[in-house]
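Visitor: The structure that follows is given in the form of structure tokens.
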Amino acid sequence: MPYVDGFLLPVPKKNVAGYRRMAAAAGKIFRKHGAIEFRECAGDDLNNKGMLPFPRAVRAKRGETVFFSYVVYKSRADRDRANAKIMKDPAIAKMMKKKPLFDAKRMYYGGFKVLVDA
């Protein structure tokens, strides 16, 4: 079964265009190193009654939106190999040196086994 890395993070609305450009460039690098899918999803319908809304989970501030992002790999072993290469990629290192477009301290991240792939 595939393996998925998931992310939830707040992005200031004024930085969405820059974040989109950065994510598009990162997606190419992730795919080059083994990701089979790379998705960045901007919040749209986030305040559902009776559930913990994503903005609350990431402590979104006024003027921020939430991104739900995920990367799919063939397996956890492929993910581990890909991430090792991604972290050594000079283009990623260059991105990391730029001014951050979001508060990484409020970013959620985790690796997930796929149990159902319908």
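Visitor: For residues that are among the basic types (K, R), over 20 Å from K113 (Cα atoms) and part of a loop (DSSP other than H, G, I, E, B), tally how many sit in the stretch 38-75.
Guide: Looking only at that region, the number is 4.
Visitor: So, Y73, is that one closer than 26 Å to V16 by Cα, surrounded by 14 or more Cβ atoms within 10 Å (Cβ to Cβ) and of a type in the set (S, T, Y) or not?
Guide: When the stated conditions are applied, Y73 passes them.
Visitor: Considering only residues that are farther than 22 Å from Y3 by Cβ and among the basic types (K, R), look in the stretch 32-58 and name the one that is modelled with the lowest pLDDT.
Guide: Among them, the one singled out is K49.
Visitor: Do we have G63 as surrounded by fewer than 14 Cβ atoms within 10 Å (Cβ to Cβ) and on the phi > 0 side of the Ramachandran plot here? Break it down stepwise before answering.
Guide: Working: surrounded by fewer than 14 Cβ atoms within 10 Å (Cβ to Cβ): yes; on the phi > 0 side of the Ramachandran plot: yes.
Here the answer is yes, as G63 does meet what is asked.
Visitor: Just checking, which of A24, A93, A35 is in a loop (DSSP other than H, G, I, E, B) and of a type outside the set (K, R)?
Guide: Numbers: A24 fails: in a loop (DSSP other than H, G, I, E, B); A93 fails: in a loop (DSSP other than H, G, I, E, B).
That would be A35, the only listed residue that is in a loop (DSSP other than H, G, I, E, B) and of a type outside the set (K, R).
The values are calculated or read from the model by the stated rules, or taken from the named source; none is laboratory data. Quick caveat: nothing in here was measured; it's all calculated off a predicted structure. Heads up, the Cβs are rebuilt from the backbone with ideal geometry, glycines too, and the neighbour counts pull from every protein chain shown.
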